Structures are given as C-alpha cells and as structure tokens.
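Okay, structure first, notes after.
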Amino acid sequence: AQSVTQPDIHITVSEGASLELRCNYSYGATPYLFWYVQSPGQGLQLLLKYFSGDTLVQGIKGFEAEFKRSQSSFNLRKPSVHWSDAAEYFCAVGGNKLVFGAGTILRVKS
Amino acid sequence: GAVVSQHPSRVICKSGTSVKIECRSLDFQATTMFWYRQFPKQSLMLMATSNEGSKATYEQGVEKDKFLINHASLTLSTLTVTSAHPEDSSFYICSAKVETGHNEQFFGPGTRLTVL
C-alpha cells in the first residue's frame, strides 16, 4: 500500500536559516512525488514535482527537493527561509490517486 | 493556466439541510476530479474520484448516499452533502487532473463547511 511519512509535525527556523523538511514514502513502483504548501484556510499550491530524470528538482519560491530512491525519500529544502514561508507543507505520492503525508507546520521566527 | 475554483468558499448551514459545493476547472478540461476532506490540523483524505459522464468512485468508508457527486461536464463537478450534521463540518477541497502523461492534479481553494 502507498504511504507517506512526514516525521516532523512542527519545525521552527529562524528567518534566513536553511530548511529541510523530510518525507519518506512507500510505493510499489516508480513514484510520482509532489510537495504542496497550504496557508491557513487555503487550498494547496504545488511547489514542485518529480516524475523522472534528474533527481534534484527545482520548484517555485526557491524550493528544491531531492529524490533518493535508495532511501525512499523526497526531502524539501530551501537555503534561506523567509517569514512568508510560514505555512503547512504536504508531501504526496501517487499516480492516478494521491496519498498525502500528515503535513509539517513551518514556523519562522524573526 | 490550470486554475481550479470552488464555490462557495464558506458555508454555514443548519443540521439536516443539504449543501452543494461546486468545483470548476477554469482553463482546461478535466475528465477526472477528486474530492478531499481535511479535518483541522490533519492531512487531506481522498473521499472520491469524480469521473465525467459516469458514476463517482468512493473510497472505503465514505457514504456515497451522503456525499453525492455529479460530474456533468468536463469543467464542473459538484459535491452535495445531504442531511448534513455537525460531524460533517470540515474543509472540503477538490482537485482536477490534467490529462498529461503524469496525471498532475491542480487544487481548488477549498470550501469551509460548518453545520450548526
């Protein structure tokens, strides 16, 4: 069965610091992997996606993620966090249907 | 491109009434749309897959007679919560699938349903 684990429920980082959000998945075939961001009371915005090819994927807002098949991971990174990045981040895996992780709430302190 | 809208964004209704939520793909056609439910501080749970011109496919544990889905056109799917009760209060989000080789989904902004 497909599953996604985001081990960190909350993460707090200082503005300007680097960020890494963890995501591990279980999937029977080569996965399609996604990272979404959700602000309170809003829908989901796609940050980036991996389908195939280069395992380092660049997304919007300065985010990137690296697919590591050997570790079944797709961690999201950003070299310098801005206060506006505070939101909830969801990792998802799937083909026709998406399975979401539980989400990681990012807090940014000034 | 690939914009999905939902209407209404918020709705408050009395227990026992029915509520209809619309999901529209504004600039593309979507033969497949999805309906998700999100409880406070929780992840999205897929409720059903809405297929244009055919019956929706419901996930296990989702009552199809309570959550009626109609996908009458390539740009519109509706979710009707029938005989709503307070426990149906939630954030409902739809997505529409772009028919590329990667089956990418684009999400609507969500509808906050509160049942009194």
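Since every read-out is calculated from the coordinates, none of them should be taken as a lab result. Worth saying up front: this structure is predicted, and the values here are computed from it rather than measured. Cβ coordinates were reconstructed from backbone atoms using ideal geometry, including for glycine residues, and neighbour counts include every protein chain displayed.
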Inset, instruction - Run the dipole for chain B about the Cα centre, Lys and Arg Cβ at +1, Asp and Glu Cβ at -1, nothing else charged, and hand back the magnitude in debye, nearest 20. - result: 320 debye
Inset, instruction - Could you name the aspartates and glutamates whose alpha carbon sits less than 17 Å from that of residue B:41, not counting residues in the same chain fewer than 8 places away? - result: A:8, A:88, B:87, B:88
Inset, instruction - Rounded to the nearest 0.05, what FRET efficiency do residue B:74 and residue A:39 give with R0 = 25 Å and r taken as the Cβ-Cβ distance? Could you check? - result: 0.30
Legend entry - Within-11-Å neighbourhood charge of residue A:104 [Cβ basis; K, R +1; D, E -1]: -1
Inset, instruction - Could you work out the local net charge near residue A:18, counting Lys and Arg as +1, Asp and Glu as -1, over the other residues with Cβ closer than 13 Å to its Cβ? - result: -2
Legend entry - Unsatisfied cross-links (Cα-Cα over 20 Å) in the set B:20/B:64; A:97/B:97; A:97/B:66: A:97/B:66
Legend entry - Sorted by Cβ neighbour density within 10 Å, fewest at the top, the residues A:44, A:76, A:106, A:56: A:56, A:106, A:76, A:44
Legend entry - Which of B:75, B:48, B:16, positive extreme of dipole for chain B (C-beta unit charges): B:16
Inset, instruction - Return the average number of partner chain Cβ atoms within 10 angstrom of each residue Cβ along peptide A:43-55. - result: 3
Inset, instruction - Straight distance only, please: which aspartates and glutamates reach the Cα of residue A:61 with their own Cα at less than 14 Å, same-chain residues fewer than 8 apart left out? - result: A:85
